[in-house]
Amino acid sequence: MGKLLTDSKRLNVAIILALIILIFSLLTSLIYAIFGTFMPYHIAFTGKTESDVSAYDTELMILIGIFIRLMGIYGIALFVANLFILLFGFRKKEKWAWFYYLISGCIIFGSYLIITFQVLGLSIMYLTFIVMTVLWIIALAISYKEFF
Amino acid sequence: MGKILTDSKRLNIAIILLLIANLIVIITGILYVIMGFLPYHERIIGKSPSRVDSSVMNFIYIIIRVNGFMFITLGVSGIYLLFAGFRKKEKWAWINGLIVVALATFPTTILVFDPTFAMPFPLTLSLLIMVIIALIISYKEFFK
């Protein structure tokens, strides 16, 4: 894989910012994939604990658990794909990699910020999403001239 | 991205299989985002959404939509990796495919396993088989 950083200062900052976002997404995904259960903010949103939902309908809680776990699993898979694109595309100043981060970031950050606000509100988790979105915008903006 | 196919028959079959698999993932993601709750979800819980507590149901709609957006992003990344790396016989693209199968497609198939072959198990199983075949038949093109 060679060394991680390049001879461009701007690109190096962008790579480091991207790595911070990736590590955050990996940690969050691991928690979801391993535990596959309600997080405290889920309980606050639904007003019910996992045992409340299970008592009402076991199948329903199994379905919810599967979806929470799948979010974690797909998050880990996305981490791997994004890491490969960072190392073998973005780091080598490939235009397609910059466009990929633009498109995937719009989908992921855009959807998270809009959809999860209902559940998270202005919690620390949601504010962390906002910080990650800002880091992503900075990474793309400062690296733009290196690609085009 | 240039032309889609290469001069290798094996690699072309692998590219087509992976392209179909990624398109299925994107279409499923779009369905999840638009509909939020599919008929097979209703069958699994054995009741209509109107009979489930509204806050719990809202939560389910949200996590299904988030999963949908993740499907779409995974499909997009898969197509980028397919054309930017896999088509050019880059080893890292093949290894990435293997890791994603091991981390996402295989566990998903296990999670949604259904002995009656009801949805979504046949879909995830087909995806798993398609990707494994694509990786096996293209192996020699990457690691000669």
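FYI, it's all coordinate maths here, none of it is from the lab. In this text, all values refer to a predicted model and were calculated from it rather than measured experimentally. Cβ sites come from the backbone with ideal geometry, for glycine too, and all protein chains shown count toward neighbours.
If you go through the range B:116-139 and keep only what is under 20 Å from B:I95 (Cα atoms) and either in contact with a helix residue (DSSP H, G or I) (Cβ under 7 Å, 6 or more places away or on another chain) or surrounded by 14 or more Cβ atoms within 10 Å (Cβ to Cβ) (or both), you end up with B:L127, B:L128, B:I129, B:M130, B:V131, B:I132, B:I133, B:A134, B:L135, B:I137, B:S138, B:Y139.
Listed by first and then second residue, the pairs linking a residue in the range B:34-57 that is at positive phi and facing chain A (nearest Cβ under 7 Å) to a residue that is loosely packed, with under 14 Cβ neighbours inside 10 Å and among the acidic types (D, E), with Cβ atoms under 8 Å apart and 6 or more places separating them unless they lie on different chains, are B:G46/A:E59. Restricting the search to the range A:83-110, which residues are of a type in the set (V, I, T) and either under 18 Å from A:S8 (Cβ atoms) or more than 7 Å from every other protein chain (Cβ to nearest Cβ) (or both)? Listed by number, the list holds a single entry, A:I85. Of the set (1) touching a residue at least 12 places away in the same chain (Cβ under 8 Å); (2) under 30 Å from A:F88 (Cβ atoms); (3) buried (at least 19 other Cβ atoms within 10 Å of the Cβ), all apply to B:V112 but (2).
Pairing residues of the range A:87-112 that are over 15 Å from B:I72 (Cβ atoms) with residues that are of a type outside the set (V, I, T) and outside any helix (DSSP H, G or I), at Cβ distances under 6 Å and at least 6 apart in sequence or on separate chains, gives A:L87/A:M1. Taking into account only those residues within the range A:111-148 that are under 12 Å from the mean Cα position of the chain (by Cα) and within 8 Å of chain B (Cβ to nearest Cβ), which is nearest to B:F83 (Cα to Cα)? Out of the qualifying residues, it is A:S111. Is it the case, given these coordinates, that B:V100 is of a type outside the set (D, E, K, R), within 11 Å of chain A (Cβ to nearest Cβ) and free of Cβ contacts under 8 Å to residues at least 40 places away in the same chain? When the stated conditions are applied, B:V100 passes them. Residue count for the range A:89-148 under the criterion of being within 14 Å of B:T73 (Cβ to Cβ), in contact with a Ser or Thr (Cβ under 6 Å, 6 or more places away or on another chain) and not polar (S, T, N, Q): the result is 3. Anything in the range A:47-96 that is of a type in the set (S, T, N, Q) and surrounded by fewer than 21 Cβ atoms within 10 Å (Cβ to Cβ)? List them, or say none. Passing the criteria: A:T49, A:S51, A:S54, A:T58.
What number goes with the only condition from (1) part of a helix (DSSP H, G or I); (2) without any contact (Cβ under 8 Å) to a residue 24 or more places away in the chain; (3) out of contact with any Phe, Trp or Tyr (no Cβ under 8 Å at 6 or more places or on another chain) that B:D7 does not pass? For B:D7, the failing item is (1).
Scanning the range A:36-58 for residues that are in contact (Cβ under 8 Å) with a residue 24 or more places away in the chain, over 18 Å from A:I124 (Cα atoms) and more than 10 Å from chain B (Cβ to nearest Cβ) yields one hit, A:T37.
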